[in-house]
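Read through the structure below, which is laid out as structure tokens, and then see the notes.
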Amino acid sequence: MARITRDEVAHVAGLARLRLTDDELERFTEQLGTVLDHAADVASLDLAGVPRTAHAMAVTNVLRPDEPRPSLDREEVLRSAPAVEANRFRVPRILGDAP
């Protein structure tokens, strides 16, 4: 049994402003029907006692702790820059004239 009709697919395509050929309407009706059948299969599963999860596997933070530490010396970094202006890196303008 089809879970979605060709007319419903055409209606949704129209709402999305998609122009579908007759072949595409047939193909998408079949494909969407398969997806909806699978969703119905999943919805019919007995999940009593199964805890809700956000991920199928346990996820842990793989980043290092965010702890303050000394950074690079500004003067040393600016000495190695190709161009410096007003104690900052000077880079070429890329967005045109300033307002």
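Overview of values
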quantity	calculated
Residue-by-residue Karplus 3J(HN,Hα) for the stretch 50-65, coefficients 6.51, -1.76, 1.60, Hz, glycine and proline x	8, x, 6, 9, 8, 9, 5, 10, 4, 10, 10, 6, 9, 8, 6, x
For VAL84, distant residues with modelled amide H under 5 Å away	ARG90
Separation of the THR21 and VAL42 label points, Cα + 7 Å toward Cβ, nm	3.1 nm
Spin-label model distance (nm) - ALA54 vs ALA13, 7 Å beyond Cα toward Cβ	3.9 nm
Check: the chain dipole with +1 on Lys, Arg Cβ and -1 on Asp, Glu Cβ, in debye	640 debye
Cα-based helix-to-principal-axis angle, 6-15 vs the chain, degrees rounded to 10	30 degrees
Cα radius of gyration and Dmax for the chain (Å)	29.0, 73
Two-site label geometry, THR34 and VAL77: point separation in nm, points 7 Å out along Cα→Cβ	5.3 nm
Neighbour cut-off at most 14 other Cβ (10 Å), DSSP loop, trypsin sites (Lys or Arg not before Pro), the stretch 16-46	ARG17, ARG19
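Values quoted throughout were computed directly from the atomic coordinates according to the rules given, and no laboratory measurement underlies them. Just so it is clear, the model here is predicted, and its values are computed rather than measured. Methodologically, a virtual Cβ is constructed for each residue, glycine included, from the backbone with ideal geometry; neighbour enumeration extends over all protein chains shown.
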